[in-house]
Amino acid sequence: MGFFAAVRVYQSVHQGVKPPARVDRFVSLCDNPLWVDFLCLSRILLFPIMDQPVKTELRLGFSGCPNDTAIFFALITGRVPFPGPRLRETIQDVEALNQLCLNGILDASKVSFHAAGRLLRDYALLRSGSALGRGCGPLITARPGRSLHDLASGSVGVPGRYTTAQLLLNLYSPAPCREVPMLFSEIMPAVADGRLDFGLVIHEGRFTLSRYGLVALLDLGDWWERKTGLPIPLGGIVIKRSLAHLAASLETAIRESLLYYRAHPEAAAPFIKMHAQELDAEVIRSHIELYVNEETLGFSREGEESVRTLFRLASERGLIPAVEDPLFST
């Protein structure tokens, strides 16, 4: 192929864009046609690589629950900077976030640790932003008079197939339950009016179940703590492994965003209330105090062990695939 033929290919591939002037000047100094061909063909082959678009935004997901909106408020409103692509937030129920990540749609997101156990081939965990602690597990609830002995034969409302609550239920129950996946805010009304026999309650539901005339039969967090001696890992932040170069800066930004909330809780209050299912100020405060703690700022060794233990027990029961290191992005 001669020089002008190579230029015509170059122009057709790149829609009429002429070779850079410095290439033209250099070519004019070359007398060897083979060397000219080499230069032009190299440019043709390398240009698509050089033309790769720079990532201009990062799709970030978190739930509308008060603990998440408190954590992310300062970050997505620009009060805490993120030295990376522009953040485009997606605020959804945690099960919707689980599904979005399972389909590879979000770049980084809060997800249930159950879902995280299925995502770790393509995503890695961040060390900040998690919901993990003691006394904060899902509750198995029912109308008065019901017993846990009826659990396997009754219908159980669960807040999603990939929630940690659902995973804990299956770790606890010796027999599969008849699960009915539904939005977490719809579970207690469905149990109260008899459409469901049992309900797996998460989030602020633990503070409001008495309003529906329901009782808690078992705190799966307490069960977990007695079984393992560890805090219960509920949800964490994941980021695509292909974006590992952004992981450390996002992890730091999330941590700084939480610290901003702690210093200025009144600034975040309207944003938190706008997305909360329960609008009572005391319930919102209790929710944040329960699910946001030192483990949210960064995993302790015990916190990391609790995540590994959940993955190990779940994989031994065949509830998630076997999980291998590295779990974390940093």
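Considering (1) over 21 Å from Val292 (Cα atoms); (2) modelled with pLDDT under 95, the lone condition that Val180 does not fulfil carries the number (2).
Of all positions in the stretch 221-236, at least one carries a residue that is within 19 Å of Leu87 (Cα to Cα), surrounded by 18 or more Cβ atoms within 10 Å (Cβ to Cβ), within 22 Å of the chain's Cα centre (by Cα) and touching a residue at least 40 places away in the same chain (Cβ under 8 Å).
Going by what's in this entry, would Asp107 be described as more than 30 Å from Arg241 (Cα to Cα) and among the acidic types (Asp, Glu)?
no
So, Arg255, is that one basic (Lys, Arg), out of contact with any Pro (no Cβ under 6 Å at 6 or more places or on another chain), surrounded by 14 or more Cβ atoms within 10 Å (Cβ to Cβ) and closer than 15 Å to Cys136 by Cβ or not? Judged against the criteria, Arg255 is not a match. Of all residue pairs spaced 6 or more apart or on separate chains, those with beta-carbon atoms under 7 Å, a first member in the stretch 250-270 that is on the phi < 0 side of the Ramachandran plot and among the charged types (D, E, K, R) and a second member that is assigned to a helix (DSSP H, G or I) and surrounded by fewer than 20 Cβ atoms within 10 Å (Cβ to Cβ) are Arg255/Leu297. Annotation note: of Arg285, Arg308, the sole residue that is surrounded by 14 or more Cβ atoms within 10 Å (Cβ to Cβ), modelled with pLDDT under 95 and among the charged types (D, E, K, R) is Arg285. Look at the stretch 309-322: where a residue is in contact (Cβ under 8 Å) with a residue 40 or more places away in the chain and under 17 Å from Tyr162 (Cβ atoms) and a partner is among the β-branched types (Val, Ile, Thr) and surrounded by 13 or more Cβ atoms within 10 Å (Cβ to Cβ), sitting 6+ places away or on another chain with Cβ atoms under 6 Å, you get Phe311/Val323; Ala314/Ile320. Taken over the stretch 249-276, the residue count meeting the criterion of being part of a loop (DSSP other than H, G, I, E, B) and hydrophobic (A, V, I, L, M, F, W, C) is 1.
Residues in the stretch 175-203 that are surrounded by fewer than 24 Cβ atoms within 10 Å (Cβ to Cβ), of a type outside the set (Gly, Ala, Ser) and not in a helix (DSSP H, G or I): Pro176, Cys177, Arg178, Glu179, Val180, Pro181, Met182, Leu183, Asp193, Arg195, Asp197.
The values are calculated or read from the model by the stated rules, or taken from the named source; none is laboratory data. This is a predicted model, so every value here is computed, not measured. Positions of Cβ are backbone-derived with ideal geometry, glycine not excepted, and every protein chain shown enters the neighbour counts.
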